[in-house]
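*Asks:* One structure, as structure tokens, below. Some questions next.
Please treat every number below as a calculation from the coordinates, not as lab data. Being a predicted model, the structure only gives us computed values, none of them experimental. Here the Cβ is made from the backbone with ideal geometry for all residues, glycine too, and neighbour counts use every protein chain on show.
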Amino acid sequence: MMYEYLAKPENPVGLQPLLTAVEVLEETVDADGIATCLFHNVETFRIGNLPVYNNRKQVTGKRTKPFEQMEYFVKSFPNIRIHFLCLFQEGNATTRLTQKVRILQVNLLSESFVFKEVLRVQKLY
């Protein structure tokens, strides 16, 4: 199932164009059975094939409704906060994945870049 595959933080490496590494820091399950995973991921920015900057992000992933919904809260330099809501609809042989993105905080210097990147990555798929 797609939900189970994407619930593992290391699996999106290669699926997202800039994502090159993941380091899981902590995994917990609360009293309601909601699994939460705190991890770092690294986006590698390149000029051609030459890596020029590795952006390390702190991510909290929550499986808020198993097999239906998960959320990611991302903190990134410089002072960027983004919320991703992923909704899964299982079909007979397919899964429909809808991703909603909310940019919660961004500084003025990186605002244009952040919006362009979000739109560019969404259009790739």
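*Asks:* Work out, step by step, the length gained on full extension between residue 52 and residue 64: first 0.36 nm times the residue separation, then minus their alpha carbon distance; give nm to one decimal.
*Replies:* 0.8 nm
*Asks:* Mind listing the phi-derived Karplus ³J(HN,Hα) values for segment 26-37, rounded to whole Hz, using 6.51, -1.76 and 1.60 with θ = phi - 60°, and x for any glycine or proline?
*Replies:* Calculated HN-Hα couplings, in order: 7, 10, 9, 10, 7, 4, 8, x, 7, 7, 10, 10 Hz.
*Asks:* Between helix 111-124 and the chain, what is the angle of the helix's C-alpha long axis to the longest principal axis, kept within 0 to 90° and rounded to the nearest 10?
*Replies:* Computed tilt is about 50 degrees.
*Asks:* Describe numerically, in nm with one decimal, the distance between label points set 7 Å from Cα along Cα→Cβ at residue 16 and at residue 31.
*Replies:* Inter-label distance under the simple model: 3.2 nm.
*Asks:* Which number gives the lysine pairs in the chain that have C-alpha atoms under 17 Å apart and are eight or more places apart or on different chains?
*Replies:* 10
*Asks:* Could you work out [θ]222 nm for the chain from helices alone, using -39500 (n - 2.57) per DSSP H run of at least four and dividing by all its residues? Round to the nearest 500 deg cm²/dmol.
*Replies:* For the chain, the value works out to -4500 deg cm²/dmol.
*Asks:* Shifting gears a bit: Over the chain, what number does the Rg to Rh ratio reach, with both radii from the alpha-carbon atoms and Rh per Kirkwood?
*Replies:* 0.97
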